[in-house]
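Reviewing the structure listed below.
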Amino acid sequence: MLNKLIKLELSTNEGIILDKQLHPNEYLQQLTISLQTLNDLFILFDGLLPNLVVLNANICQSNTYKRTSIFRCWPRRFMSHLVEFQLKTNANVEMTFDQIRRIVMPLIQLEKLMIDVSKWFSYDQQFVQGNQIEMLINEFMPRLRHFHCSIKTIYNIEMQ
């Protein structure tokens, strides 16, 4: 019965640690999950849930001093059904544009993307003005119809 589950919500304060040894679930279509680090998100993307349609992920901790970072691109076929993705980070998670780029680049089927970052780690004025996000959307997300972005930075960025 559990192996045919199509909707699931998993949450802990510290976030869930995923392992590459987990068996893929072909049936799960909707997932709300708190993950420990961005590494766990990449493990999830790397074939664990190949038919996922909706993903709401909350990242609870930074990768700093944790497991080895595995930021890489994965084959687009692994998340080819994902049309709605919400990414949220806790206040103690530092995030960069490069990390966001590596997350969304292969998600070409996305129609709805929501990003809520509590601790942006960049002085980049171009990002604040939206240039880099707009380029990402135009290049990698041709089907995107709804985009919401909330980013809080720890830096004072001078706007000219």
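Read-outs throughout are calculated quantities, based only on the coordinates presented, and are distinct from any laboratory measurement. All of these numbers come straight from a predicted model, not from anything done at the bench. Heads up, the Cβs are rebuilt from the backbone with ideal geometry, glycines too, and the neighbour counts pull from every protein chain shown.
Summary table below
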{"read-out": "Amide H partners (placed H, <5 Å) of K119, local residues excluded", "value": "M95, K152"}
{"read-out": "Taking S150, S80 and counting other C-beta atoms within 10 Å, the order from fewest to most", "value": "S150, S80"}
{"read-out": "Full-stretch length increase - N138, Y27 - with 0.36 nm per residue and alpha-carbon distance subtracted", "value": "36.9 nm"}
{"read-out": "Total formal charge among the other residues, if their Cβ is under 11 angstrom from that of H146, Lys/Arg +1 and Asp/Glu -1", "value": "+1"}
{"read-out": "Region 3-50: trypsin sites (Lys or Arg not before Pro) in DSSP loop, at most 12 other beta carbons within 10 Å", "value": "K20"}
